[in-house]
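Visitor: I have a structure I would like to understand better, so I am pasting it below and will then ask my questions one at a time.
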Ligand code: IPM
Ligand code: MG
């Protein structure tokens, strides 16, 4: 089969980690008899520099015509002082919205070979951790009304968190589907003791699950308590569903608990099979261009694309097995390095993963 993949490499380490993932995709294609065609399109700071906007129309048009999209990272010091509507991040939020990608799945898994990289005590992680965060991605405070002004000579600014029943139901469906294939226990995270939007969230998730997934038990957890529980007892979590902003925050925490944010990938999907796949980390401008960045999160994102957009599960398994093998052999990029291991550059890590497919 032939697949057309739009590549939004973006800023900072984005281009180097995408190069690693593309290498792995090409090798996987050779092995399994697929052809992947890549088209590079501008986004983020790179697009601001080249086209004057973080999300050029051509990027949106071509992404909507592609079979799926691979994204590196956006942002950097250079554009930090730009107004919020012109910042690189606006490109990422814009493409998520334009493609209708309301469902963001962020699996935080502790790789057995990397147990020592977790900052938690070994007794807390000895049975493994796999927290799958299902984050609502096109609603809530990220896309609500906002504004600023002056009142009695003082500046003020505001944002709004707003969720409708259908927005909550469609993300609840994704989370319930996942939970019913796994532990059948879904933790729904909100702040219903304070926020009206959270109270609607809680009620809607329960009603939806009771009606369509009676086998799934929904457990509510307040977001502040969740933040604590993730470091106190991460093994209690399986599938977690939450709003856009809470998912943003908790997924960074869950990632760090599993050792390194350089290991975590995410998929963003809407109603069809075309998705956007990206590492959950940022553009790390401090290490960009030094070949230090860990490409594994982006390689895993590419593997998720094969499985979730193209239904190529064997190919996904082959990439994950190769990563496991390389880690088991003791190869580590700087972010996951520990005494006694072999330290490699980002490009070497990608090559090793290719060689083991
Ligand atoms: C993420 C990032 C983005 C977000 C930023 C870069 C806009 O933090 O994907 O987690 O907040 O969604
Ligand atoms: Mg984030």
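The values are calculated or read from the model by the stated rules, or taken from the named source; none is laboratory data. These numbers come from a predicted model, not from an experiment. Every residue, glycine as well, gets a Cβ built from its backbone with ideal geometry; the counts of neighbours run over all protein chains shown.
Visitor: So residue 240 fits all but one of (1) within 30 Å of residue 324 (Cα to Cα); (2) part of a helix (DSSP H, G or I); (3) modelled with pLDDT of 95 or more; what number is the exception?
Guide: Of everything listed in (1) within 30 Å of residue 324 (Cα to Cα); (2) part of a helix (DSSP H, G or I); (3) modelled with pLDDT of 95 or more, residue 240 misses just condition (2).
Visitor: Search segment 98-112 for residues being modelled with pLDDT under 95 and outside any strand (DSSP E or B), and hand back the single one that is farthest from residue 274 (Cα to Cα).
Guide: Filtering segment 98-112 for residues that are modelled with pLDDT under 95 and outside any strand (DSSP E or B), the one farthest from residue 274 (Cα to Cα) comes out as 112.
Visitor: From 266, 260, which residue is under 26 Å from residue 97 (Cβ atoms) and touching a residue at least 40 places away in the same chain (Cβ under 8 Å)? Give the derivation first.
Guide: On the way: 260 fails: under 26 Å from residue 97 (Cβ atoms).
Matching residue, one of 266, 260: 266.
Visitor: Does residue 306 count as within 16 Å of ligand 2 (Cβ to nearest atom) and not in a loop (DSSP other than H, G, I, E, B)?
Guide: Numbers: within 16 Å of ligand 2 (Cβ to nearest atom): no; not in a loop (DSSP other than H, G, I, E, B): yes.
Here the answer is no, as residue 306 does not meet what is asked.
Visitor: What is the one condition in (1) at pLDDT 95 or above; (2) within 16 Å of ligand 2 (Cβ to nearest atom); (3) not in a helix (DSSP H, G or I) that residue 282 does not satisfy?
Guide: The number of the failed condition is (1).
Visitor: Still on this structure: If the requirement is being at pLDDT 95 or above and not in a helix (DSSP H, G or I), which of these qualifies: 301, 350, 311, 318?
Guide: After ruling out the rest, the residue left standing is 311.
Visitor: Still on this structure: Tell me the residue from 94, 100 that is touching a residue at least 24 places away in the same chain (Cβ under 8 Å), within 12 Å of ligand 1 (Cβ to nearest atom), surrounded by fewer than 18 Cβ atoms within 10 Å (Cβ to Cβ) and closer than 30 Å to residue 35 by Cβ, please.
Guide: Numbers: 100 fails: within 12 Å of ligand 1 (Cβ to nearest atom).
Of 94, 100, the one residue that is touching a residue at least 24 places away in the same chain (Cβ under 8 Å), within 12 Å of ligand 1 (Cβ to nearest atom), surrounded by fewer than 18 Cβ atoms within 10 Å (Cβ to Cβ) and closer than 30 Å to residue 35 by Cβ is 94.
Visitor: Filter segment 67-91 down to residues that are surrounded by 22 or more Cβ atoms within 10 Å (Cβ to Cβ) and away from ligand 1 (no atom under 13 Å from the Cβ), then give me how many there are.
Guide: Here the count works out to 3.
Visitor: Filter segment 134-169 for residues that are in contact (Cβ under 8 Å) with a residue 40 or more places away in the chain and on the phi > 0 side of the Ramachandran plot and give the result.
Guide: We begin by selecting, within segment 134-169, every residue in contact (Cβ under 8 Å) with a residue 40 or more places away in the chain; these are 134-143, 161, 163, 167-168.
Passing the criteria: only 140.
Visitor: How many residues, within segment 249-268, are in a helix (DSSP H, G or I), in contact with a strand residue (DSSP E or B) (Cβ under 7 Å, 6 or more places away or on another chain) and near ligand 1 (Cβ under 10 Å from one of its atoms)?
Guide: Counting residues in segment 249-268 that are in a helix (DSSP H, G or I), in contact with a strand residue (DSSP E or B) (Cβ under 7 Å, 6 or more places away or on another chain) and near ligand 1 (Cβ under 10 Å from one of its atoms) gives 2.
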